[in-house]
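What follows is a single structure, written as structure tokens, with notes after it.
The values are calculated or read from the model by the stated rules, or taken from the named source; none is laboratory data. Everything quoted here is computed from the prediction, not taken from an experiment. Cβ: placed from backbone, ideal geometry, glycine included. Neighbour counts: every protein chain shown.
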């Protein structure tokens with residue numbers, strides 16, 4: 001029988017609320033942190049463009065099992081549109097495709113943003129990570145291939161002008177759902193306003209529970225040599241799952257769950273879960289089993305039992 005190859009590094013688990021700098025890809029940030037923490041497994045919770053800075057949630061170990069919740073989480077952005085110039089990538093990195101002397105007023109932008117609220121149809125930028133026939137759209141775009149991306153529904157909860165330092169620039173704050181592209185919004189706003197424009201500056205200020213005020217700068221991590229200090233920066237595996245009701249279990253029950261077995265819940269635990277679940281309709285019967293502050297498993301509460309569906313190894 002083939003021997004299972006041992007994974008290199010330490011079995012570290014948890015979330016890091018990273019503030020990614022400009023001029024770095026999300027993949028590069030993951031590689032730096034994997035090496036710095038000497039971690040076995042590291043991933044990120046949603047790509048952030050190299051020309052953007054801001055929140056890039058980093059999942060270590062068992063937290064990678066919850067990455068989808070970061071992908072699906074509500075996000076906030078602050079970005080600047082430079083009017084008068086459009087680029088092929090809709091940001092400052094791309095080649096100029098068109099110019100215009102037309103400049104919108106603040107009032108025009110504010111009025112138009114009202115049409116971008118709620119559920120809207122958005123065509124992703126061609127310079128994006130979306131796959132087309134198995135290939136990344138940005139690779140096809142860089143190779144000069146002709147292709148079209150279909151529109152899809154995205155949610156925009158808030159969109160407001162928060163600054164206009166001069167006629168050439170407008171600063172906008174947006175709160176959106178999953179799959180939303182800031183560069184696509186800039187492209188569409190410019191088109192609707194009858195002018196040219198692209199993103200000259202972009203910052204992601206929040207991904208779900210991870211916000212800018214509490215974020216850790218990559219420079220601080222790179223300067224830190226003490227391993228315990230590094231580990232203290234990590235948040236629990238279940239940090240991204242704050243909207244899912246929690247149930248407290250014993251160590252014996254945790255062992256049962258880790259062996260794939262359902263456990264019977266005491267009546268008061270079920271009642272506490274019902275109260276918490278009343279405001280979390282999205283997850284229906286979902287729950288997180290917690291033992292001594294550590295996530296043991298995601299699962300469902302049914303007929304007074306907790307049935308695990310995704311178990312975490314601590």
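Points to keep in mind about this one:
- Strands (runs of 3 or more DSSP E) completely within region 91-184 that count 3 or more residues being farther than 25 Å from residue 45 by Cα, assigned by TED's automatic domain parsing to the domain that holds residue 23 and touching a strand residue (DSSP E or B) at 6+ places or on another chain (Cβ under 6 Å): none
- Residue 228 being without any contact (Cβ under 8 Å) to a residue 12 or more places away in the chain, under 30 Å from residue 38 (Cα atoms), assigned by TED's automatic domain parsing to the domain that holds residue 41 and surrounded by fewer than 17 Cβ atoms within 10 Å (Cβ to Cβ): yes
- Taking region 140-178 as the range and being free of Cβ contacts under 8 Å to residues at least 40 places away in the same chain and within 26 Å of residue 70 (Cβ to Cβ) as the test, the residues that pass are 149, 150, 151, 152, 153, 154, 155.
- Residue within region 88-98 that is farther than 26 Å from residue 141 by Cα and in contact (Cβ under 8 Å) with a residue 12 or more places away in the chain present: no
- Of residues in region 95-119 being in contact with a helix residue (DSSP H, G or I) (Cβ under 9 Å, 6 or more places away or on another chain) and farther than 17 Å from residue 167 by Cβ, the one surrounded by the fewest Cβ atoms within 10 Å (Cβ to Cβ): 115
For (1) surrounded by 11 or more Cβ atoms within 10 Å (Cβ to Cβ); (2) under 21 Å from residue 51 (Cβ atoms), each residue gets a yes or a no:
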residue: 133; (1), (2): no, no
residue: 138; (1), (2): yes, yes
residue: 141; (1), (2): yes, yes
residue: 149; (1), (2): yes, yes
residue: 152; (1), (2): yes, no
residue: 157; (1), (2): yes, no
residue: 168; (1), (2): yes, yes
residue: 173; (1), (2): yes, yes
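- The one condition from (1) in contact with a helix residue (DSSP H, G or I) (Cβ under 7 Å, 6 or more places away or on another chain); (2) closer than 13 Å to residue 17 by Cα that residue 241 does not meet is (2).
- As a summary of the residue check, residue 222 satisfies the conditions (1) in a strand (DSSP E or B); (2) farther than 30 Å from residue 104 by Cα except for the one numbered (1).
- Residue under evaluation residue 314, criteria (1) assigned to a loop (DSSP other than H, G, I, E, B); (2) at pLDDT below 90; (3) within 23 Å of the chain's Cα centre (by Cα), criterion not met: (3)
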